[in-house]
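Worksheet: the structure to be examined is printed underneath.
Bear in mind that the values in this text are calculations on the coordinates, not laboratory data. Note that the structure is predicted; figures quoted are calculated from it, not measured. Using ideal geometry, Cβ is built from the backbone for each residue, glycine included, and neighbour counts are taken over all protein chains shown.
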Amino acid sequence: MAMQKRFPIPTTSAFPYGLGIKPTAEGEQAVTPVIDFDKSTKENRVQALDKDTGLPLWQVTVLDFDPEAGKKDMVVTVKFAAKVQPVPPANNSAMPFTPVEFVGLSALPYVDDSGSRPRIAWSYRADGMVEPGQAKKAA
């Protein structure tokens, strides 16, 4: 069997040191709509839709807690295709970052040639998000 374009991967394998949702300015949502820049205008922002399901796309920015993560790899965006805006778990930690684990995480490698040297980068999708250690219960 050939490998599919996007492949499933447990959060604990992709991010063994854990992840935290990046804090936002007061009043802003941690999970935001993905904007379809081709269909949007300056006055009217249009939310992107998933090509396969037709569902609205949402995104959350997380920080990879790996101490060896490079500058370009420390901040990661994870997208969701969902009818309603996904809700992050409550932050029950003493950190300003909300620890999170993703349910149904999948990854897609691609070549990022926007810098001076091309590099392999990753696009992540998830079905949901929960407190760390709860992903198996939610699946």
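Annotations for the structure displayed:
- Charge-dipole axis of the stretch 40-139 as Lys and Arg at +1 and Asp and Glu at -1 on Cβ define it, positive-most pick from V130, P56, T77: P56
- The amide H of Q47, built 1.01 Å from its N in the peptide plane, has D36 as neighbours under 5 Å, considering only residues 5 or more places off or on other chains.
- A simple rule links phi to the HN-Hα coupling: the Karplus curve 6.51 cos²θ - 1.76 cosθ + 1.60 with θ = phi - 60°, which for the stretch 33-40 gives x, 7, 8, 8, 5, 6, 9, 8 Hz, with x for Gly and Pro.
- About its Cα centre, the chain has a charge dipole of approximately 280 debye under the convention of +1 per Lys or Arg Cβ and -1 per Asp or Glu Cβ, with nothing else charged.
- Database remark: amide H of G128 closer than 5 angstrom to the amide H of V103 (H placed geometrically; neighbours at sequence offset of 5 or more, or on other chains; Pro and chain starts carry no H).
- Using only alpha carbons, the stretch 13-59 has a radius of gyration to Kirkwood radius ratio (Rg to Rh) of 1.10.
- Lysine pair count for the chain with Cα-Cα distance under 18 Å and sequence separation of 8 or more or different chains is 8.
- Each residue of the stretch 78-85 is assigned a 3J(HN,Hα), and the resulting list reads 10, 10, 10, 9, 8, 5, 10, 4 Hz, derived from the Karplus form 6.51 cos²θ - 1.76 cosθ + 1.60 (θ = phi - 60°), x at Gly and Pro.
- Radius 10 Å from Cβ of F15, net charge of other residues (Lys, Arg +1; Asp, Glu -1): -3
- Listed options for Rg/Rh (Cα atoms, Kirkwood Rh) are (i) 0.98; (ii) 0.96; (iii) 1.13. The value calculated from this structure is the one marked (ii).
- Scanning residues 5 or more positions from F97 or on other chains, none has an amide H under 5 Å from its amide H, with H placed 1.01 Å from N in the peptide plane.
- Karplus-derived HN-Hα couplings along the stretch 53-66 (A = 6.51, B = -1.76, C = 1.60, θ = phi - 60°), whole Hz, x at Gly and Pro: 9, x, 7, x, 9, 10, 9, 9, 9, 10, 9, 7, 7, 5
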